[in-house]
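**Student:** Before we start, here is the structure in question, set down as structure tokens.
Here, each number is a calculation from the coordinates, and none is a lab measurement. If you're wondering where the values come from, they're calculated on a predicted model, not measured in any experiment. Heads up, the Cβs are rebuilt from the backbone with ideal geometry, glycines too, and the neighbour counts pull from every protein chain shown.
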Amino acid sequence: MRRQYNKKHLYIGGGMFLCFLFTFILAVTVGSLKIPIPEIWRVIGHHTIGFPNQVDPMSDAVLWSLRFPRVLLAMVVGASLALGGVLYQGVLRNPLADPYILGVSSGSATGAIIAILSGIGAGIWGMWFISLSAFIGAFIATVSVFILAGRELRTNTLILAGVVIHALFGAIITFLLSMSVEQMSRIQYWLMGSFSLREWAHIWVLIPVIVVVMAVAWFTQRELNLFAVNARTAAHVGVSVKKTRFLLLILASFLTAIVVSISGMIGFVGIVIPHLIRMIIGANHRFLIPYSILAGATFMMLSDLLARTLLEPRELPVGVITAFLGAPIFSYFLYKWRRNL
Amino acid sequence: MLTIQSVSKHYDTRCVVDGISLQLKRGESIGILGPNGSGKTTLLRMISGELTPDQGEIWLEEQNLSKLKPKARARKIAVLAQELLGDAPFTVREMIEMGRYPYLSRFETLSDRDIDVVDQILQQTNLSDRGHTRITELSGGERQRVAIARALVQEPEILLLDEPTTYLDLEAQWSLLDICKHWQKEKGLTLVMVIHDLNVASLFCDRVLFLQNGKCIAEGTPKEVISASLIEEVYGVSTVVIPHPETGSPQILHQPFMNNPRKEHDS
């Protein structure tokens, strides 16, 4: 029995990893400048292990300073959004919980915009200040939703609380934008979600955060499983429910805040990816966490690839693509579950 | 092994449990009986640590229950209530393995011993061949067996049961109660159950406790306590109580409807 179990995961995990790898190679290969695959490996080798020590400067510039950071950022952002979704859904024991729907994304965006407009977002540490301010926004949104929804955390109260918070922060964002017309279009474009004009610096901000959150999520997988069953059950077998819940919600908001401050509000990834994975492999977080991360990364690299190639040379905000891909899937879940909500 | 010292619990201004004291001995089974709203479930939730008493204390051997770490408490006390399995698509085995939580530190995975315990209990609850079935595909009786299996892998000394047989058919009820009785006899498990069926309680429990408006109004073996006059007093329904032909435990027969004018309706 055990072996069968492992074999199944070898196939699914292996298959997903191959998809991931294939998408990555596709994403760094395709672009306005066509670069042959061997050249890509040469550039990677040149920058990581120093071999070969000579590469074509043109491909190097395009790959290393433009395409790689972008693809890697899409990868990490996708992974973070999916992980955030897993955490929110697990802790709130709710199939429709996701940072976007709960209003946490707009809370983060509000925080980030305040930092940008007030000028503390400029300078060397600007990126960190924007992220910090976004985190404060995310935290306020999370706590408000939590308080509004009450202890029971029922789906409809939670979603309604999310709608209210989302609307409130949406209004604040609109207000802030209308007060600063000269920055409006730039911020609006960022809000819609995009990976263009991002640099290595953005990746270095995000990577330590997602690594920490991933580690914590991994080592609280048993608690997450128990929350997904029932908070009472979790308490019965000895989980410190309040403490663990609080820790995980803080981490999830933190992750959301960083992601939003880097790539804007990208919807649907956090809700659709964990659901698809749950349907395939079940609710055990031992598999749900790594598979969702892998699938989120793949999905986002693919979405970004579509965003920059579909209407070349024009570029679409990636949020448009994820919404087009995610909305039908989300609608399907909603349709399927509406009786239970 | 468990001592309850005059505990009380208020919701707002209403006193739900009012100064109840009780001593539990190892390996006995106690039934908590009484009408809806008499405080049975609240009492049980104070024993499980979900609620803390406003007054009074609960002692587990030499330790105050409210001072015990959650995991340490869960190694001693397990709970079986209705429908605590949820609808997330876990497999039967995954669900039951969760009961080992109190034995694992954060960075540990299931040891061989943990897996042995789970295997044994899967067998005893007749679920061995259902290990990889998702719980969403089980029948009501099987779900309840999964729930009790998860409680038993905690290897508790005390098992609290909150209306464990409600909504189950006769076969499922008896198979569940059989499992509990077996553990009581073989492993000295102490059982505390809130139950509505007085006949089952009378056959199953060594001791029963009647609650009314949060107070304990009768306590003792079923033979000592269960009588037509007590049932009339507690539930306001007149009945005939006769001894069970095999065990002599009191069994309740209801009056034919025409001869049984309703005294007071209790939802």
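**Student:** Nearest-5 percent of antiparallel DSSP beta bridges in chain B?
**Tutor:** Close to 60 percent.
**Student:** Let me ask something additional. Let me know the mean shielding of A:32-44 by other chains, meaning the per-residue number of their Cβ atoms within 10 Å of its Cβ.
**Tutor:** Other-chain Cβ atoms within 10 Å of each residue's Cβ, averaged: 0.
**Student:** Quick one: Cα centre-to-centre distance for the range B:44-113 and the range A:110-136, in angstrom?
**Tutor:** Measuring centre to centre over Cα atoms gives 44 Å.
**Student:** Using R₀ = 56 Å, calculate the FRET efficiency as 1/(1 + (r/R₀)^6) where r is the Cβ-Cβ separation of residue B:10 and residue A:12; round to 0.05.
**Tutor:** FRET efficiency, residue B:10 to residue A:12: 0.60.
**Student:** Beyond a 23 Å Cα-Cα separation, which of these cross-linked pairs lie in this structure: B:40/B:71; A:242/B:71; B:185/B:223; A:7/A:336?
**Tutor:** B:40/B:71; A:7/A:336
**Student:** Return one number: the angle in degrees, 0 to 90 and rounded to the nearest 10, between the long axis of the Cα atoms of helix B:112-124 and the longest principal axis of the Cα atoms of chain B.
**Tutor:** Its long axis makes an angle of about 40 degrees.
**Student:** Based on DSSP, what percent of beta bridges with both residues in the protein assembly as shown are antiparallel, to the nearest 5?
**Tutor:** 60 percent
**Student:** With r defined as the distance between the Cβ atoms of residue A:30 and residue B:129 and R0 fixed at 35 Å, what FRET efficiency is calculated, to the nearest 0.05?
**Tutor:** 0.10
**Student:** How far apart, in nm, are two points set 7 Å out from the Cα along the Cα-to-Cβ line at residue A:199 and at residue A:21?
**Tutor:** For residue A:199 paired with residue A:21, the spin-label model returns 3.3 nm.
**Student:** When the helix-only estimate is applied to chain B (DSSP H runs of n ≥ 4, each -39,500 (n - 2.57), divided by the residue count), what is the mean residue ellipticity at 222 nm, nearest 500 deg cm²/dmol? Write out the running numbers ahead of the final one.
**Tutor:** On the way: 9 runs with 84 residues, N = 267.
Per the formula, -9000 deg cm²/dmol.
**Student:** Follow-up. Test of the criteria: in the range B:73-103, which GluC sites (Glu not before Pro) are in a DSSP loop and have at most 15 other Cβ atoms within 10 angstrom of their Cβ?
**Tutor:** Within the range B:73-103, the qualifying GluC sites (Glu not before Pro) (loop, at most 15 other Cβ atoms within 10 Å) are B:83.
**Student:** Let me know the whole percent of all Cα-Cα pairs from chain A that are separated by more than 24 Å. All intermediate terms of the calculation are to be shown ahead of the outcome.
**Tutor:** Values: 32581 of 57970 pairs.
Considering chain A, 56 percent of its Cα-Cα pairs are separated by more than 24 Å.
**Student:** For residue B:25 and residue B:170, compute 0.36 nm times the residue count separating them, minus their Cα-Cα distance, and round to one decimal in nm.
**Tutor:** Numbers: separation 145, 0.36 × 145 = 52.20 nm, distance 2.93 nm.
So the extension gain works out to 49.3 nm.
**Student:** Now, a different point. Going out from 0 in 10 Å bins, what whole percent of all Cα-Cα distances in the protein assembly as shown drops into each bin?
**Tutor:** 3, 15, 22, 20, 16, 11, 7, 4, 2, 0, 0
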